[in-house]
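I have placed the structure first, in the form of structure tokens, so that the comments after it can refer back to it.
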């Protein structure tokens, strides 16, 4: 059975892991991205990360109302914790960055980022259209 303490422990360690990975990998990503990434691609990648954060926030709000909303992404499961959302989205963003940085030309990178942003925007827009709102 889930308890508040177990949820807190899971959440704490996932946030801790995300912060540590950001501190270890983030500066390298930023420094290397500047080498051959055009400003356009950096902005597109930033918007992709922003859309992922908005999706996390929307999912968190939706899960507060299980009678109204159901998580559609099978990777997250029926009732994803914040830690699980952050971990999965963090891994996704890191893998996307690595693949784009190591294995694509500038032109292909731009196209891929436009496509990934379009998909993420559709997800966020769909969440909004079905009634999910972010509250702080």
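Every number here is computed from the coordinates shown, using simple stated rules; none is lab data. Quick caveat: nothing in here was measured; it's all calculated off a predicted structure. Counting neighbours? That spans all protein chains shown, and the Cβs are built from the backbone with ideal geometry, glycine included.
Going by C-beta contacts inside 10 Å, put 61, 38, 67, 102 in order with the fewest on the left. Working shown, then result.
Working: 61 17, 38 12, 67 5, 102 8.
Least crowded to most crowded, the residues run 67, 102, 38, 61.
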- request: Evaluate the relative contact order of the stretch 43-107 (contact order divided by residue number), counting alpha-carbon pairs under 8 angstrom at least 6 apart; express in whole percent.
  value: 25 percent
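Within 10 Å of each residue's Cβ, count the other Cβ atoms and sort 37, 97, 114 from fewest upward. List each step's numbers first, then the result.
Details: 37 21, 97 18, 114 15.
If I rank by nearby Cβ atoms, fewest first, I get 114, 97, 37.
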